[in-house]
Amino acid sequence: MLKRYNERMTKRSKKELPPDQQEEILKTLQTRFEKNMNRHKGMEWAKIKSKLNVNPEKLGSLNEMEKTGGEPDVVDHDKKNNEYIFYDCSQESPMGRRSLCYDPKALDSRKENKPKNSAMGLAAEMGIELLNEEQYRALQKLGKFDTKTSSWIATPAAIRNLGGALFGDFRYGTVFIYHNGAESYYASRGFRGLLKV
């Protein structure tokens, strides 16, 4: 029992950054926020920062998004729950999260040439969620993303239970949603995540 508690506490504290790193990621996020006001009209950085300051583990997750090439930015504010929503806004699928199959079940099913991780598995480790189709389409209204790459997206259980998984990209001026076997992985496919603060 005590061992399990200690493991949980270690996992949690891994996401909490030392003060200098907290300051660094806050500066990065503020700079990106101010450069891309079209993504968050009517929102104020001071309010977002104050929420981040009281949720240091969320800063840890945002730092992981940043380190893996996601370029997280605020794209929405859920006024009902008073939550700011960050998406990965890198132009292409995050470089540090590619060559992943869809989920741990798919990873376990591969007997040879296993990737290092799965999209769902890594997202859970980072403390974030995969964008679903609706969220992916909403992101594409803010710019042109995945014009050369593709990104796994959260897949409905009915499709996943049959062995498939969904991914999206942007080609020919259009957002496309496709399917693949969940165990497949490609050097040009990663995943985009979201974080609520």
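The values are calculated or read from the model by the stated rules, or taken from the named source; none is laboratory data. Source: prediction; values computed, not measured. Reconstructed Cβ throughout: ideal geometry from the backbone, glycine too, with neighbour counts over all protein chains shown. Just so you know, the surface numbers come from the protein's heavy atoms only, side chains and all, with ligands and any DNA or RNA stripped out. Shrake-Rupley method; radii C 1.70, N 1.55, O 1.52, S 1.80 Å.
Worth pointing out:
- Loop-located GluC sites (Glu not before Pro) in the range 83-184 whose Cβ has at most 16 other Cβ within 10 Å (DSSP): Glu112
- Estimated 222 nm signal from helices in the chain, with DSSP H stretches of n ≥ 4 weighted -39500 (n - 2.57), rounded to 500: -11500 deg cm²/dmol
- Loop chymotrypsin sites (Phe, Trp or Tyr not before Pro), the range 149-197 (other Cβ atoms within 10 Å of the site Cβ: 15 or fewer; DSSP): Tyr172
- Cβ-derived FRET efficiency at R0 35 Å, Glu134 paired with Lys111, nearest 0.05: 0.50
- Asp76 accessible area, 1.4 Å probe, all protein chains in place, Å² to nearest 10: 80 Å²
- Net +/- balance of residues flanking Asp146 in space, Cβ distance below 14 Å, scoring K and R +1, D and E -1: +4
- Contour minus Cα-Cα distance for Arg171 and Glu34 (0.36 nm per residue): 46.5 nm
- Separation between Cα centres of the range 22-62 and the range 176-197, rounded to whole Å: 25 Å
- Shape class of the range 74-119 from the alpha-carbon gyration tensor: oblate, with a/c at 1.5 or above and b/c at least as large as a/b.
- Trypsin sites (Lys or Arg not before Pro) restricted to DSSP loop in the range 125-192 with at most 12 other C-beta within 10 Å: Lys141, Lys144, Lys148
- Coordinate range of the alpha-carbon atoms in the range 4-136 per principal axis, descending: 50, 36, 29 Å.
- The relative contact order of the range 65-197, computed from alpha carbon pairs under 8 Å that lie at least 6 residues apart in sequence, is 32 percent.
- Computed with a 1.4 Å probe over protein heavy atoms only, the accessible surface of the chain comes to 56 Å² per residue.
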